[in-house]
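Each remark here refers to the structure printed beneath this line.
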């Protein structure tokens, strides 16, 4: 016997998903405008609704905040992949990916802080940073896997390591924006990762210190 799908139920599910996505978008916009320390009262007022409406679509505050982080990660992975795909040269591809990551910090510093330094998610037992960087590292692993490279076993941690390196440098830059431009930081990190002149090996060689 074939069970007919309930059209009304399907439409309601679609409505709930759309409304949830809209509330995530409004929360992100509120954070960008009012800062990373924004609270639920401010978010609800910005969205023109009540906290009760938010809690119909999210289990709790941490669930909402985590969803904002997941959306930012999804957007960034798309931007990173698009930026890298536009480059044919391998080095330029790496630099474009790094710059795409840094662009999020440059354009949305408060939203970035909200995602990666959120005590609400931490108290709920989640790890916003691991979730955020893990999604990006997974996408980067896919891109690296398509490149000619050494033994696949050796390159397994590369995506995670690269994201960790770029994130750490980006966090530093976010607190010291006058230290260098985004373009300079992207070039600096590319130089380090690419292992060319100016990297650690060559810097040590220039001092005459032993390298191994």
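The values are calculated or read from the model by the stated rules, or taken from the named source; none is laboratory data. Since the model is a prediction, treat every value here as computed from it, not as a measurement. Note that each Cβ is placed from the backbone with ideal geometry, even for glycine, and that neighbours are counted across all protein chains shown.
A few points about this structure:
Conditions (1) modelled with pLDDT of 80 or more; (2) in a helix (DSSP H, G or I); (3) assigned by TED's automatic domain parsing to the domain that holds residue 32, marked per residue:
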| position | (1), (2), (3) |
| --- | --- |
| 84 | yes, yes, no |
| 101 | yes, yes, no |
| 111 | yes, yes, no |
| 115 | yes, yes, no |
| 139 | no, yes, no |
| 151 | no, no, no |
| 155 | no, no, no |
| 159 | yes, yes, no |
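- Being in a helix (DSSP H, G or I) and under 18 Å from the mean Cα position of the chain (by Cα) is a condition met by no residue of the stretch 40-59.
- Some residue of the stretch 73-82 being at pLDDT 90 or above, in contact with a helix residue (DSSP H, G or I) (Cβ under 9 Å, 6 or more places away or on another chain) and part of a helix (DSSP H, G or I): no
- Some residue of the stretch 25-33 being under 16 Å from the mean Cα position of the chain (by Cα), not assigned by TED's automatic domain parsing to the domain that holds residue 113 and not in a helix (DSSP H, G or I): no
- Those residues of the stretch 64-90 which are over 16 Å from the mean Cα position of the chain (by Cα) and in contact (Cβ under 8 Å) with a residue 12 or more places away in the chain, in sequence order: 64, 90
- Any chance residue 181 is surrounded by 14 or more Cβ atoms within 10 Å (Cβ to Cβ), modelled with pLDDT of 70 or more and over 25 Å from residue 69 (Cβ atoms): no
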